[in-house]
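Before any comments, here is the structure.
What follows draws every value from the coordinates through simple rules; no lab data is involved. These numbers come from a predicted model, not from an experiment. In this analysis, Cβ positions are derived from the backbone assuming ideal geometry, glycine residues included, and neighbour counts consider all displayed protein chains.
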Amino acid sequence: MDRIPILKMGKFLLVTIQVDMHDQLALHLQDDLTTRIASERSHGVLIDISSLDMVDSFIGRMIANIAGMARVLDAETVVVGMRPSVAITLVELGLPLPGVHTALNVEKGMALLEQRVQERL
Amino acid sequence: MKSIAAGLHVKMLQNKEAKLLADWLKNQTGSHTFRPDLIKDSELTEQSRQFLKLFLRTLSQETSDEIMAAEWSDVRDMLGDVSRSRALQGFTPSETATFVFSLKEPLFTVLSTELKNDPEALADGLWSMTALLDKLGLYTTEIFQKSREEVIVRQQRELLELSTPVVQLWDDILALPLVGTLDSARAQVVMETLLQKIVDTEAAIAIIDITGVPTVDTLVAQHLLKTIAATRLMGADCIISGIRPQIAQTIVHLGVDLGEVVTKATLADAFAVALKRTGSRIAASQGAQP
């Protein structure tokens, strides 16, 4: 069974989605990520979706859900590297992901996470 | 595919070429479709002379009356050039087609004088000439139409390109000055261009300036909100500027909720906010000579 690796980078968790997201994979990611946030006591999650060139409403909702769960577990979520076509699709689907922070690339995403965590302390 | 069985007529016509040309020119300049304001006499004479020469030469080669055939390519090219130039100069289709149709009268006059004694040959000759010239006339109209359409298509494309420039104002700051009505097709192009530019320049802030948008209705507002939402998903922020007082009133009257979108009255205000957010600053240099 394929799983999306979750990497620990200092205080944060980094998820890079490099394969086509199918529903089962998304559900596994949701499970794994919440488990890791709890066990590592992370304060931030960075999801890199720069390789993702197709989304449907399910995947869109899944990203929103992950952000919501992370928030409950006291971690900030930043989605980075969204492609223009994906952004347009999500908006047209009526899923503008409220409450999810976004950044242009991993570097800017990391800076944003640092800043958010600093602000909370 | 009927061969023009009029080798003898052609000889005869070629002998009378000078007279034909003179009559034809008189016909053209005397007609109400003549446009001395658009074309010079010398140019018209040159075009007519060249066409008549090519026309008679092609006829003398035992050609068919099928003008799309290879033998007619010289005449077709010449007519095509004439039609195209006239389409661009602002002639009407009838004025353009008259170039060919006005040749009929001189031709018929010559034929009827020469073939007075042979009514059968005269009828035959007249018929093949009229059929041929009709085809050539229609061909000019077709080319005329085509070149006009090419102009329209080119203008449409240029308009679309013109209407969506994304300019970089500063490091990390893009501006999108919108001019003209924002319909769905344009809104889509605007959104795609802006998002692509954000990817290319890694800009953090995009300023959408709507000074040039004449009216903002619910549809336009929805397009704007979608563009802003997509920009946010990419990780950049949007500021709307150039909201005129009337438009501010309309937006509120329509009940459009711009939510947390930052709006500014002028592009300068929006630029100042953008600079502040990106940590840059513009200051007057001290002691500088204006």
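What are the lysines whose alpha-carbon lies under 16 Å from the alpha-carbon of B:K19, with same-chain residues fewer than 8 places away excluded? B:K19 reaches B:K11, B:K53, B:K104. For A:H101, nonlocal amide neighbours, meaning residues 5 or more places apart or on other chains whose placed amide H falls under 5 Å from its own, are A:T77, A:V79. In summary, the lysines within cross-link reach of B:K226, defined as a Cα separation below 18 angstrom excluding same-chain residues under 8 places away, comprise B:K197.
Of the complete DSSP H runs in chain B, those spanning 18 angstrom or more by Cα along the long axis with a mean Kyte-Doolittle score not below -1.0 are B:17-30, B:41-60, B:73-89, B:119-162, B:184-201, B:218-234. When the pairs A:K11/A:K108; B:K40/B:K146; B:K26/B:K116 are compared against a 21 Å limit on Cα-Cα distance, B:K40/B:K146; B:K26/B:K116 fall above it. Sites count as exposed loop sites when they are trypsin sites (Lys or Arg not before Pro), lie in a DSSP loop, and have at most 16 other Cβ atoms within 10 angstrom; the longest stretch of chain A without one is A:42-121.
Inverting the mean 1/r over all pairs of different Cα atoms, compute the Kirkwood radius of region B:167-278 and quote it in Å.
Working: mean 1/r = 0.0720 Å⁻¹.
After inverting the pairwise mean of 1/r, the radius is 13.9 Å.
Here each label is just a point 7 Å from Cα along the line to Cβ, and for B:Q188 and B:T211 those points are 3.0 nm apart.
The charge dipole of chain A, taken about its Cα centre with unit charges on the Cβ of Lys, Arg, Asp and Glu (plus for the first two, minus for the last two), comes to roughly 380 debye. The B:K19 and B:R154 beta-carbon pair, evaluated with R₀ = 41 Å, returns a calculated FRET efficiency of approximately 0.45.
Can you give the Rg to Rh ratio for region B:97-252, taking only C-alpha atoms and Rh from Kirkwood? Show your work: numbers first, answer last.
Values: Rg = 29.8 Å, Rh = 20.3 Å.
Ratio value, two decimals: 1.47.
Taken along the Cα-to-beta-carbon direction at a fixed 7 Å, the label points for B:E120 and B:K146 span 4.0 nm.
Can you give the FRET efficiency to the nearest 0.05 for B:L258 and B:L138, using r as the Cβ-Cβ distance and R₀ = 51 Å?
Working: r = 57 Å, r/R0 = 1.12.
That pair, B:L258 with B:L138, gives E of 0.35.
Express as a percent, rounded to the nearest 5, the fraction of DSSP beta bridges in chain B (both residues included) that run antiparallel. Don't skip to the answer; put the middle values down first.
Working: 4 of 17 bridges.
Here the share of antiparallel DSSP bridges comes out near 25 percent.
Of the beta bridges in chain A, as assigned by DSSP with both residues counted there, near 25 percent are antiparallel.
Close amide H pairs (under 5 Å, H built 1.01 Å from N) link B:A206 with B:L174, B:D237, B:C238, B:I239, residues at least 5 positions away or on another chain.
Only Cα sites of the protein assembly as shown enter the Debye sum here, all with the same form factor; the resulting log10 I(q)/I(0) across q = 0.12, 0.14 1/Å is -0.92, -1.15, listed in q order.
Per DSSP H run of n ≥ 4, the term is -39500 (n - 2.57); total these for chain B, divide by its residue number, and report the mean residue ellipticity at 222 nm rounded to 500 deg cm²/dmol. Walk me through the numbers before you get to the answer.
Details: 11 runs with 181 residues, N = 290.
Calculated from helices alone, the mean residue ellipticity at 222 nm is -21000 deg cm²/dmol.
The distance between label points at B:S73 and B:S85 comes to 2.2 nm (points 7 Å beyond Cα on the Cα→Cβ vector).
For region B:53-94, GluC sites (Glu not before Pro) are listed when DSSP marks them as loop and at most 15 other Cβ atoms sit within 10 Å of their Cβ; the list is B:E62, B:E66.
Within region B:80-186, the trypsin sites (Lys or Arg not before Pro) that combine a DSSP coil assignment with at most 12 other C-beta atoms in a 10 angstrom radius are B:K116.
Please give the peptides B:197-208, B:24-35 ranked by average Cβ packing (other Cβ atoms within 10 Å per residue), highest first, as a rough proxy for protection. List each step's numbers first, then the result.
Working: B:197-208: 21.2, B:24-35: 15.0.
Result, highest mean first: B:197-208, B:24-35.
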